[in-house]
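The next block holds one structure in the form of structure tokens; read it before the comments.
The values are calculated or read from the model by the stated rules, or taken from the named source; none is laboratory data. Note that the structure is predicted; figures quoted are calculated from it, not measured. Every residue, glycine among them, receives a Cβ derived from its backbone with ideal geometry; neighbour counts consider all protein chains shown. Keep in mind that these areas ignore ligands, DNA and RNA; they rest on the heavy atoms of the full protein, side chains included. Shrake-Rupley method; radii C 1.70, N 1.55, O 1.52, S 1.80 Å.
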Amino acid sequence: MNTKKMAVKLMIAWCSIYIVAGITALLFEFGPLSGIAVTQPKTIYVLEVIGVLASLALIPLALRGFKRMVDRLDEKEYPEDKIERIYMLCSMLRIEAFFLVVEFGVVLYYILNDTIGLYIAAIAAICSMFTIPTKAGIEHETGYYD
């Protein structure tokens, strides 16, 4: 198992959360999405509720849920390649959960013209800092050291 290659792949995926969010913000500020806005109160309310519920569901799942799946890998007698596949799957799902919340928050901020989207994106961004993929972290979580 090459933990360094895994860490690089996961770091690229983790950084892509913020690159895509930045591109989305630029598209809303200067690009073709600049005039899009939701003005109906019921639609605004539904979108805000969806954003808050998504963040309440996905952030704890990303922080603890996938970690529990990975913590059990060390105790199992799986071959290295299976542990690597399971770890990469869990890590990518964790990154995807943060991506969804951050991206939805950015989109909400621009289409609702309300700071609730900014709060959702900021909370997810801060929480994702606790899951920055590193070689040492992968070694600690999987129990394999290069």
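The residue that is modelled with the lowest pLDDT, among those in region 1-42 that are touching a helix residue (DSSP H, G or I) at 6+ places or on another chain (Cβ under 7 Å) and open to solvent by 70 Å² or more (accessible area, probe 1.4 Å), is SER34. Looking across region 9-27, the residues that are hydrophobic (A, V, I, L, M, F, W, C) and touching a residue at least 24 places away in the same chain (Cβ under 8 Å) come down to LEU10, MET11, ALA13, TRP14, ILE17, VAL20, ALA21, ALA25. Restricted to region 1-100, the set of helices (runs of 4 or more DSSP H) holding at least 3 residues that are more than 22 Å from the chain's Cα centre (by Cα) comprises 41-60. The set of residues in region 84-126 being of a type in the set (Ser, Thr, Tyr) and buried (at least 22 other Cβ atoms within 10 Å of the Cβ) consists of TYR87, SER91, TYR109.
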